[in-house]
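> One structure follows; several queries about it will come next.
Since every read-out is calculated from the coordinates, none of them should be taken as a lab result. Predicted model, so just to flag it, every value in this text is computed and none were measured. Using ideal geometry, Cβ is built from the backbone for each residue, glycine included, and neighbour counts are taken over all protein chains shown.
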Amino acid sequence: MGCISFYFMVRLSIPLILDASARLMIDEGHFTITFSHDSIAFKIPTTRSLAEYLKVPHYYVLPLFAAMEEEALVTRAERVGIMTTPEGTRRMILLLSESYPEESRAILGEELFHMFLERIGNSGKPRGVPER
């Protein structure tokens, strides 16, 4: 008698891909960031590394990156990789500050972490935390 194996997959979404990108970068212990005179961009892990990290087939991740490009959250550049757009950077910084503040500070340092928050107009306090 044959054995049928089933596995349950996480429902993939753009927020989940952004979160997995943040966690993967944190787990690797670094962010690759490009600064220019008018923008900041994070280099997002490759679609293959994200698929591996999420334990899903690579072809499940590809349509989400197409949707992220359509929503102007990321842009792909040949031989450069996948980079966040200004809106993608804003969302990544919010995610890092709200979900992974300690880990982000440890990698970026306090000064750079706060500079990013100021750049997007965030106090650095997670949502729902009152001012003292």
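> So, in nm, how far is label residue 94 from label residue 77 when the simple model puts each one 7 Å beyond its Cα toward the Cβ?
Result: 2.5 nm between the two label points.
> With θ taken as phi - 60° and the coefficients 6.51, -1.76 and 1.60, list the Karplus ³J(HN,Hα) couplings across the range 71-78 in order, rounded to whole Hz; mark glycine and proline as x.
Those phi angles translate into 7, 6, 9, 9, 9, 9, 10, 3 Hz.
> Given H placed on each backbone N at 1.01 Å, which residues far from residue 85 in sequence or on other chains put an amide H within less than 5 Å of it?
74, 75
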